[in-house]
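Working notes, beginning with the structure itself.
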Amino acid sequence: MRRTWILTVALAAGCASSYGLPEGDATYDAVKAATTDCKAKGGTIELKSEGDGRKLSDYRCKIGGTN
């Protein structure tokens with residue numbers, strides 16, 4: 001709940017933000033669900049620079065800006 005509130009405040013202020021995805025295997029269905037959720041918040045899924053793409057936590061949802 002608190003994370004959602006912080007994200008809402010950041011978006012309202014026009015700030016760029018991102019959040020990491022939860023633990024788990026990056027299966028097609030898991031990545032598709034995370035992508036849908038991220039897009040609903042106005043973001044895009046991207047691979048973290050240190051990630052190899054096999055786990056959901058290797059990705060983040062980037063919302064606005066250049067973060």
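The values are calculated or read from the model by the stated rules, or taken from the named source; none is laboratory data. As the structure is a prediction and not an experimental result, all values here were calculated from the model. For neighbour counting, all protein chains shown are included, and Cβ atoms are generated from backbone atoms with ideal geometry for every residue, glycine included.
In region 14-67, of all residues being free of Cβ contacts under 8 Å to residues at least 24 places away in the same chain and among the acidic types (Asp, Glu), the one that is surrounded by the fewest Cβ atoms within 10 Å (Cβ to Cβ) corresponds to Glu50. Give, as residue ranges, the strands (runs of 3 or more DSSP E) completely inside the chain that count at least 1 residues that are modelled with pLDDT under 85 and among the aliphatic types (A, V, I, L, M). Of the strands (runs of 3 or more DSSP E) lying wholly inside the chain, none has at least 1 residues that are modelled with pLDDT under 85 and among the aliphatic types (A, V, I, L, M).
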